[in-house]
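Shown next, in C-alpha cells, is the structure this report addresses.
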Amino acid sequence: MSQHEATLLLGSNLGDKENNINSAIRLLEEQIGTILARTEIIATEPVEFDSKNFFCNIAIVIKTQYSPVSLLKRLKALEKSMGRSTDTSVSKIYEDRIIDIDVIFFDKISFYSTELIIPHEKHLHQREFSRQLLDELMNIKKQ
C-alpha cells in the first residue's frame, strides 16, 4: 500500500484549545497515520472573521495511506467527531471552532477539485501565522 506525506495545519479557538489540538493529533495517529514532525503550538488572532477567542495552531507532517480526497473526508469526520458542527468550505462563513484541520501539502503534488486544492494557497500566501509554522516545520524536517 502506498504511503504519502501530508502537511496539515490544525487550529482551535473554543474550549481547552491546547487539549483540543492534542486530542486531534492523538486521533490522527489512531485513525489516519503516523506523525513524522510537529511544530510547537502557537497562539494567533482570528483571521478573516471577528472573534474574541484567540486560536492555538500547530503544523504537522503525517504519513498516511490515503489519497488526498480520502484524507480530506477522514479529516472532516474527525472534526465532526470532536464536535465541529459547521464546515467553512460548505457554509463559506468563518466562525469559532473546536478544531480545524487543513491539508496544506500532499507529497509534492498539485491537486485541484471542488472539495480540495493543494497546495493550500491561503496558508502559503495570505496568513502570516501559517508561514511561520510552515517555516518552523521545514527547519524541523531538515534536522
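The values are calculated or read from the model by the stated rules, or taken from the named source; none is laboratory data. Computed from a prediction, not measured in an experiment: that's the story for all the values here. Using ideal geometry, Cβ is built from the backbone for each residue, glycine included, and neighbour counts are taken over all protein chains shown. The area values use the complete protein model at the heavy-atom level, side chains included, leaving out ligands, DNA and RNA. Shrake-Rupley method; radii C 1.70, N 1.55, O 1.52, S 1.80 Å.
Quick look at the numbers
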quantity	calculated
Selected residue (criterion: farthest from D107 (Cα to Cα)) from residues of region 32-45 that are of a type in the set (S, T, N, Q) and modelled with pLDDT of 95 or more	T39
Answer residue from region 116-143, given it is at pLDDT below 85, within 24 Å of S70 (Cβ to Cβ) and in contact with a helix residue (DSSP H, G or I) (Cβ under 9 Å, 6 or more places away or on another chain) and is least open to solvent (accessible area, probe 1.4 Å) among those	H123
Any chance E40 is in contact with a helix residue (DSSP H, G or I) (Cβ under 9 Å, 6 or more places away or on another chain) and surrounded by fewer than 16 Cβ atoms within 10 Å (Cβ to Cβ)	yes
Per-region count, region 12-61, residues of a type in the set (F, W, Y) and without any contact (Cβ under 8 Å) to a residue 40 or more places away in the chain	0
Candidate set: region 90-115, residues that are charged (D, E, K, R) and in contact with a Gly (Cβ under 9 Å, 6 or more places away or on another chain); chosen: the one modelled with the lowest pLDDT	R97
Of the criteria (1) touching a strand residue (DSSP E or B) at 6+ places or on another chain (Cβ under 8 Å); (2) at pLDDT 95 or above, which one R74 fails	(1)
Filter pass, L14 being surrounded by fewer than 20 Cβ atoms within 10 Å (Cβ to Cβ), touching a helix residue (DSSP H, G or I) at 6+ places or on another chain (Cβ under 9 Å) and in a helix (DSSP H, G or I)	no
